[in-house]
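The block underneath contains the structure these notes are about, expressed in structure tokens.
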Amino acid sequence: MPRLRSLLFVPGDRPDRMEKALGLAADALILDLEDAVAPPNKPAARAAVAAFLQHRTAAATLCFVRINPLDSGLAGDDLAAILPARPDGIVLPKAEGGASLAALARQLSGETLILPIATETPAAIFALGSYGGVTPRLAGLTWGAEDLPAAIGAATAREADGSYTAPYQLARSLTLFGAHAAGVPAIETVYPDFRDLDGLAAYAARGRRDGFTGMMAIHPAQVAVINAAFTPSAAEIAHARAVVALFAANPGAGALALDGRMVDAPHLKAARSLLAGMEQ
């Protein structure tokens, strides 16, 4: 599975921004045919995204395309336009569990990945445990805090200080556990205030602390901050290597002392996971 620390949204009807985005060190671009594109502009956006995919030169940057929802009447045209250009993945909005994942997977070929946005409808919340074992195309799970409150008539998803209200804390948590249950990366949702880089850094740090391995971005200025937040420090890497080496030197041990603290099987698993992520 490719490393997905930062995934930058780029409007599908802005080809000038797509080329610039390749130089921003994002692990992936999300070329958007859904919310960022007004209905009259969608045909032109499909053509622009397909042309960009066919002629891109920076193969190191993964390119996903966010299509319109499967039940929108637009997804078929989206896929017909972009699949011949071989995107690396499809971002599926308003996904509702394994059934949505399977329905899209049947329309794909090659190694095209799928990243569902898994919390945008009320029904989606009850399907967050159903993504595992459906298809090897699953690249991760991510969530959003905008469409769901609109779908249920909520005034907002956030408190006055910007933190999530209880229903959306639940949606975030279920996405996190649903991703790990399926054995794929959990991708944190966007931080809307693109001018507040300090707030973004704190938000991304909380995401990594909680078990997310990457985050979506809505502005180029956010990419470097997100990459830094989801990249282990030299001290973390050294500690992980020390844990692995300690257990390798003491086969069969259940718990060992390292730097004055006890480490056991969960610490070894976390250390191996961190080091494996650095190899991607």
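Structure notes:
- 28 Å Cα-Cα reach of Lys94 towards lysines, excluding residues that sit fewer than 8 places from it in its own chain: Lys42
- Pairwise centroid distance, computed over Cα atoms, of region 19-45 with region 189-231, Å: 19 Å
- For q = 0.17, 0.25, 0.27, 0.28 Å⁻¹, Debye-computed log10 I/I(0) when each Cα of region 234-278 counts as one equal scatterer: -0.41, -0.87, -0.99, -1.06
- Helix 166-182 axis, angle to the chain major axis (alpha carbon atoms, nearest 10°): 70 degrees
- Using C-alpha pairs below 8 Å separated by at least 6 residues, the relative contact order for region 1-148 is 18 percent.
- Computed on the chain, with alpha-carbon pairs under 8 angstrom and 6+ residues apart, the relative contact order is 16 percent.
- Relative contact order of region 234-278, defined on C-alpha pairs under 8 angstrom at six or more residues apart (%): 46 percent
- Remark: C-alpha extents of region 125-211 on the principal axes read 39, 30, 18 Å, sorted largest to smallest.
- Student exercise, the chain dipole from Lys, Arg, Asp, Glu Cβ charges, in Debye to nearest 20: 600 debye
- The long axis of helix 265-278 is offset from the longest Cα principal axis of the chain by roughly 50 degrees.
- With both residues required to sit in the chain, DSSP beta bridges show an antiparallel share near 15%.
- All C-alpha pair distances within region 105-255, sorted into 10 Å bins from zero, spread as 10, 32, 32, 19, 7, 1 percent across the bins.
- Every pair of different Cα atoms in region 6-229 enters the Kirkwood calculation, which places the hydrodynamic radius at 17.5 Å.
Every number in this text was worked out from the coordinates using simple rules, so none of it is lab data. All values derive from a computational prediction rather than experimental measurement. Note: ideal-geometry Cβ built from the backbone for every residue, glycine included; neighbour counts use all protein chains shown.
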